Amino acid sequence: MLSIESITSFLGWCAVINTGVLILSSALLIAFMQPIINLHSKLFGLEKENLPLAYFQYLGNYKIAIFILNIVPYIALRVMY
């Protein structure tokens, strides 16, 4: 069985890794927006006008998931112990 300390450590590292992925995704999207739009438009048959909104929703949902699934439980466990 896992200890509270190991779960807290696990959630902390999950938050760090997921935040890094979010920052990297945001940076790549900002730096290479047009090539990414062209690629996804051809690959998935989507309209180019709708893709920036889809990217914004993806990043927003990912950020909310990081907070709810990693950061809030980490803080709660740190406060408890």
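Values in this text are rule-based calculations from the coordinates and carry no lab data. As the structure is a computational prediction, the values presented were derived from the model and not from experiment. Cβ sites come from the backbone with ideal geometry, for glycine too, and all protein chains shown count toward neighbours.
I'd like to know if the stretch 22-33 contains one or more residues that are over 26 Å from N70 (Cβ atoms) and not β-branched (V, I, T).
The answer is yes, given that some residue of the stretch 22-33 is over 26 Å from N70 (Cβ atoms) and not β-branched (V, I, T).
For the stretch 1-18, give me the residue count where each residue is more than 18 Å from Y81 (Cβ to Cβ) and touching a helix residue (DSSP H, G or I) at 6+ places or on another chain (Cβ under 6 Å).
Counting residues in the stretch 1-18 that are more than 18 Å from Y81 (Cβ to Cβ) and touching a helix residue (DSSP H, G or I) at 6+ places or on another chain (Cβ under 6 Å) gives 1.
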